[in-house]
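Contents: one structure, followed by commentary.
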Amino acid sequence: MGERSTDPAGTPGLCDRIEVLASRVERLSLSHRDPEAFFEERSEIAHALRREAARAARGGA
């Protein structure tokens, strides 16, 4: 994947945060033991993606 970028405060950059979210999407799967967990995780990822989109629209990284 290469070198990680961080902002001046030392937090991961936008591309890195999106990569983490993509990894979470790849691991999503339904569980017969806890089917609600899939939908909870999906909602959390969707919320995080919307938050990143809003941050990018404001010009933040």
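The values are calculated or read from the model by the stated rules, or taken from the named source; none is laboratory data. Predicted model, so just to flag it, every value in this text is computed and none were measured. Cβ placement follows ideal geometry from the backbone for every residue including glycine, while neighbour counts extend to all protein chains displayed. Heads up: the accessible areas ignore ligands, DNA and RNA and are worked out on the full protein's heavy atoms, side chains in. Shrake-Rupley method; radii C 1.70, N 1.55, O 1.52, S 1.80 Å.
Counting only protein heavy atoms, what percent of the accessible surface of the stretch 8-61 is carbon or sulfur at a 1.4 Å probe? Walk me through the intermediate numbers first.
Working: 2410 of 4210 Å².
After summing per-atom areas, the C and S share lands at 57 percent.
Can you list which of the trypsin sites (Lys or Arg not before Pro) found in the stretch 17-61 are DSSP loop residues with at most 14 other C-beta atoms within 10 Å? Display every interim value, and only then the final one.
Working: sites: Arg17, Arg24, Arg27, Arg33, Arg42, Arg50, Arg51, Arg55, Arg58; in loops: Arg33, Arg58.
Hits after loop and neighbour filter: Arg33, Arg58.
Take every Cα-Cα distance within the stretch 17-61, group them into 5 Å bins from 0 onward, and report for each bin the whole-number percent of pairs it holds.
Taking all Cα pairs of the stretch 17-61, the binned fractions are 5, 22, 24, 21, 13, 8, 4, 2, 0 percent.
Tabulate in residue order the Karplus-calculated ³J(HN,Hα) for the stretch 24-37, using 6.51 cos²θ - 1.76 cosθ + 1.60 with θ = phi - 60°, rounded to whole Hz; enter x for Gly and Pro.
Working through the residues one at a time gives 5, 5, 4, 8, 4, 7, 6, 10, 6, 6, 9, x, 5, 4 Hz.
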